[in-house]
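Take a look at the structure set out below.
The values are calculated or read from the model by the stated rules, or taken from the named source; none is laboratory data. Source: prediction; values computed, not measured. Heads up, the Cβs are rebuilt from the backbone with ideal geometry, glycines too, and the neighbour counts pull from every protein chain shown. Heavy atoms of the whole protein, side chains included, go into the accessibility calculation; ligands, DNA and RNA do not. Shrake-Rupley method; radii C 1.70, N 1.55, O 1.52, S 1.80 Å.
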Amino acid sequence: MSETMHCYRHPNRETRVSCATCGRPICTDCMRPTYVGIKCPDDAKVPRGARTGVMKPNQILLSLLAGLGVALMGIPVVALIFDLPFQWLLSIAAGYGAGTLVYRVGGRNGGPLAIAISLIATAIPFLVWLAPGALAGVADVFGLVSMALAVAAAGLANRRS
Ligand SMILES: [Zn+2]
Ligand SMILES: [Zn+2]
């Protein structure tokens with residue numbers, strides 16, 4: 001049986017819950033649910049820099065727009081890359097650039113959503129050019145490798161902190 005404590009903000013209220021960060025007892029009115037457990041109101045106010053991976057609605061919207069832009073602009077870019085030498089290296093550079101764009105527009109948080117948008121936006125232009133061949137049963141192996149490299153680079157661009 002755990003001992004009864006009293007909320008540090010409401011000394012007359014009994015509680016069995018304490019803050020995950022500072023350990024002070026908090027009552028049901030004072031507890032704030034967070035990703036890492038229940039916290040007191042003071043510690044629930046996490047500084048902005050610590051909120052990695054959490055996007056505000058406008059950042060989500062901007063990220064989606066950036067992803068759409070990358071997907072559309074990527075179509076001619078990929079067509080060009082496929083005609084040039086060193087297409088794998090160019091694909092890595094293009095994918096990394098696309099991922100960086102989404103990462104920056106999304107407030108540099110590098111969260112799962114930013115990564116997902118980067119990956120999908122980078123893959124779309126490649127799929128536009130590769131899908132017809134793939135459907136016809138002629139897989140462009142070089143093109144598929146290019147796509148895989150570009151998508152990986154786009155994901156990597158979001159993992160910086
Ligand atoms: Zn606390
Ligand atoms: Zn309280």
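If packing is taken as the average count of other Cβ atoms within 10 Å, what order do 97-103, 59-65 fall into, highest mean first? Don't jump to the answer; show the numbers that get you there.
On the way: 97-103: 24.1, 59-65: 17.0.
Ranking, from highest mean packing down: 97-103, 59-65.
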Report summary line: With all protein chains present, the chain has a carbon and sulfur share of its accessible area (1.4 Å probe) in percent of 68
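For every other residue with a beta carbon closer than 10 angstrom to the beta carbon of THR21, add +1 if it is Lys or Arg and -1 if Asp or Glu, then tell me the sum. All intermediate terms of the calculation are to be shown ahead of the outcome.
On the way: positive: ARG24, LYS39; negative: ASP42, ASP43.
Here the charged neighbours net out to 0.
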Report summary line: Mean-square fluctuation maximum in Gaussian network of the chain, Cα pairs under 10 Å, restricted to GLY133, GLY143, GLY74, hits GLY133
Report task. Take the range 1-146, drop everything but the C-alpha atoms, weight them equally and run the Debye formula without solvent; then report log10 I(q)/I(0) at 0.11, 0.14 Å⁻¹ to two decimals. Result -> -0.59, -0.73
Query raised in the report: So how tilted is helix 87-105 from the main axis of the chain? Cα-based, degrees 0 to 90, rounded to 10.
Result: 30
Query - Angle between the chain longest axis and helix 57-83 axis [Cα atoms, degrees, rounded to 10] - result: 20
Requested in this report: Quickly estimate the mean residue ellipticity at 222 nm for the chain, helices only: each DSSP H run with n ≥ 4 gives -39500 (n - 2.57), and the total goes over all residues, rounded to 500.
Outcome: -19000 deg cm²/dmol
Report task. Sticking with the crude label model, points 7 Å out along Cα→Cβ, report the distance from LEU89 to ALA131 in nm, one decimal please. Result -> 3.1
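Defining a contact as two alpha carbons under 8 Å apart and six or more residues distant in sequence, what relative contact order in percent does the chain show? Present the calculation step by step, with values, prior to reporting the outcome.
Details: 241 pairs, mean separation 33.4, N = 161.
The normalised contact order for the chain reaches 21 percent.
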Query raised in the report: Could you give the length gained on full extension between LYS45 and LEU156, defined as 0.36 nm per residue of separation minus the Cα-Cα distance, in nm?
Result: 37.0 nm
Report summary line: Per the 1/(1 + (r/R0)^6) rule, R0 = 25 Å and r from the Cβ atoms of ARG13 and VAL36, FRET efficiency to 0.05 is 0.60
Report summary line: With label points set 7 Å from each Cα along the Cα-to-Cβ direction at CYS22 and MET73, the distance between them in nm comes to 4.6
